[in-house]
Amino acid sequence: MSRLLKAIPRVLSIAIAGFFFMMSFDETVFSVGFLMHNIPTAIIITIIAIWWKNSLKSSIAFLVLGLTTIFFFNTYRHMQAVLIVTMPFAVVSLLHLLNYYFLERKRSL
């Protein structure tokens, strides 16, 4: 159970990065627009790489990233956009927080 609780938020965060990368292919591959569309993917991968072992910091980073997407992508205008773009960050943040609360916090006590 502990391995599953540890793996699910990490796999979902990689899936979110893959989703944003896939959505960037609406631009020509060798253009500036393609690079601009991959900035969110680079940020997500950076968060994953830096805080892979620390679930509390990952939880805070994904929560901030989710709140940022509300205003950066204007998802507050449509409920479908909130569910597709913002909610995955909130779910991953919650799962990282549960991982910290149930697994990592007990190790430090």
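Do any trypsin sites (Lys or Arg not before Pro) in the stretch 7-74 lie in a DSSP loop with no more than 14 other beta carbon atoms within 10 Å, and if so, which? Please list the in-between numbers first.
Details: sites: R10, K53, K57; in loops: K53.
The qualifying sites are K53.
Could you work out how much longer the chain between E104 and E27 gets when fully extended? Use 0.36 nm per residue separation minus the Cα distance between them, nm to one decimal. Please report the intermediate quantities before stating the final value.
Values: separation 77, 0.36 × 77 = 27.72 nm, distance 4.14 nm.
Answer, rounded to one decimal: 23.6 nm.
Compute the long axis of helix 39-50 from its Cα atoms, compare it with the longest principal axis of the Cα atoms of the chain, and write down the angle in degrees, 0 to 90, nearest 10.
20 degrees
Take the alpha carbon gyration tensor of the stretch 2-108, find the square roots of its eigenvalues, order them as a ≥ b ≥ c, and report rounded if a/c is under 1.5; if not, report prolate when a/b exceeds b/c, else oblate.
On the way: a/c = 2.50, a/b = 1.74, b/c = 1.43.
Prolate.
Quick one: if the Förster radius is 30 Å, what FRET efficiency do L4 and I70 give, using the C-beta to C-beta distance and rounding to 0.05?
Details: r = 30 Å, r/R0 = 0.99.
Here the calculated transfer efficiency is 0.50.
First measure r as the distance between the Cβ atoms of A49 and A81, then evaluate 1/(1 + (r/R0)^6) with R0 = 25 Å and state the FRET efficiency to the nearest 0.05.
After rounding to 0.05, the efficiency reads 0.35.
Just so you know, all these numbers are worked out from the coordinates, no wet-lab data involved. The shown structure was predicted, so the numbers you read here are calculated from the model rather than taken from an experiment. Methodologically, a virtual Cβ is constructed for each residue, glycine included, from the backbone with ideal geometry; neighbour enumeration extends over all protein chains shown.
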